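To keep things clear, I will list the structure first and then write my remarks on it.
Read-outs: derived from the displayed coordinates by stated rules, not from any lab. Please read all numbers here as calculations on a predicted model, not as lab measurements. With ideal geometry, Cβ positions are generated from the backbone for all residues, glycine too; neighbour counts draw on all protein chains shown.
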Amino acid sequence: MQEQQPGGKAEKMADVVNVGVNLDAFSHAISGIQALRSSVSRVFEFLKDGMKNRETLEGREKQFISEFQENLQAVNRDLNELERLSGLVGRPSESHPLHNSGLLSLDPVQDKTPLYSQLLQAYKWSNKLQYHASLASSLLNQQSLKRSANQMGASAKRRPKVQPSTLVLPPQYVDDVISRIGRLFPDMTIELFRPNGTSAVLLVTLGKVLKAIVVMRSLFIDRTIVRGFNENVYNEDGKLDIWTKSQYQVFQKVTDHATTALLHYQLPQMPDVVVRSFMTWLRSYIKLFQSSCQRCGRFLQDGLPPTWRDFRTLEAFHDTCRM
């Protein structure tokens with residue numbers, strides 16, 4: 001009895017390796033598929049040829065109907081035969097053994113010990129983690145942070161501080177850049193103020209949708225506040241109010257997204273390109289209440305329109321649909 005047990009286990013493992021497929025029936029099933037395709041092709045060829053020449057119209061119709069019925073019966077016979085053979089082939093196992101790990105799928109109680117299915121899920125998760133890690137690594141290499149760990153060491157303390165040369169630009173140059181951007185977008189009105197010396201503050205009016213206050217330091221954007229078109233943007237003393245948030249939740253969302261856009265559009269060597277890119281992104285809100293979400297297709301979600309705009313395509317998304 002003990003000598004027969006290894007043989008029984010080997011036969012059981014052989015049955016699993018065969019995956020429960022009847023190879024003879026599988027071969028006949030392939031022939032049945034070919035026969036079915038041939039009979040279906042004959043039906044369409046017969047329909048293409050149409051009625052053959054007969055002495056009378058009634059004779060042509062009777063002959064056509066008779067031959068057409070014979071072809072359809074042949075298709076039915078081949079289909080029934082294929083269904084019969086498919087039942088004999090057997091159903092393959094849902095688990096696909098991967099070398100020695102496939103032995104884990106031999107456990108007869110999969111519900112209590114689902115080791116093999118968990119192994120497959122862990123393998124897929126590991127591959128996905130490796131893929132996203134490689135993407136993150138490539139993005140970080142393209143946009144390396146200035147305040148890295150290497151630069152914060154002892155050697156960075158001895159390094160002389162280099163004063164940036166692009167932070168201070170002539171006001172005339174800044175005015176020229178803003179005027180050129182204003183000419184690019186006819187539906188956007190840009191007013192420039194200098195309440196505190198050389199620093200500029202822009203009041204951007206986008207159609208009849210919104211007003212944005214853009215606080216600049218030379219040609220670099222520090223912060224942005226977005227309010228509704230009908231909201232007051234001035235203080236009691238007549239100066240621009242650069243601190244009060246909008247009373248509407250939709251424009252508070254747009255303000256948050258504008259802050260994110262300021263972090264995205266960073267090119268210190270070409271600040272004029274950064275300002276133009278940001279204004280192009282801000283102009284995409286001209287149809288804030290007319291555009292539908294590109295993912296869910298709805299105009300409103302939780303009472304709000306799509307407030308997010310993609311930084312590259314400028315497509316509209318709800319805040320939860322952009323993920």
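With r defined as the distance between the Cβ atoms of N235 and L184 and R0 fixed at 45 Å, what FRET efficiency is calculated, to the nearest 0.05?
0.90
In nm, what is the difference between 0.36 nm times the number of residues separating Q294 and D222 and their Cα-Cα distance?
Value of the extension gain: 22.9 nm.
Rounded if a/c is under 1.5, else prolate if a/b beats b/c, else oblate: with a ≥ b ≥ c from the C-alpha gyration tensor eigenvalues square-rooted, which is segment 187-323?
Because a/c hits 1.5 or more and a/b fails to exceed b/c, segment 187-323 counts as oblate.
Over all directions, average the projected area of the Cα convex hull of segment 236-297 and note it in nm².
6.3
Quote the Stokes-Einstein diffusion coefficient, in whole µm² s⁻¹, for segment 184-266, based on the Kirkwood radius over alpha carbon pairs, a temperature of 25 °C and a viscosity of 0.890 mPa s.
Rounded to a whole number, D works out at 186 µm²/s.
Would you please give the FRET efficiency between Y131 and M323, computed as 1/(1 + (r/R0)^6) with r the Cβ-Cβ distance and R0 = 22 Å, to the nearest 0.05?
0.80
Would you give the gap between the C-alpha center of segment 270-323 and the C-alpha center of segment 176-218, rounded to a whole Å?
Between the Cα centres of segment 270-323 and segment 176-218 lies a distance of 20 Å.
Would you please give the FRET efficiency between T198 and L139, computed as 1/(1 + (r/R0)^6) with r the Cβ-Cβ distance and R0 = 35 Å, to the nearest 0.05?
Approximately 0.50, to the nearest 0.05.
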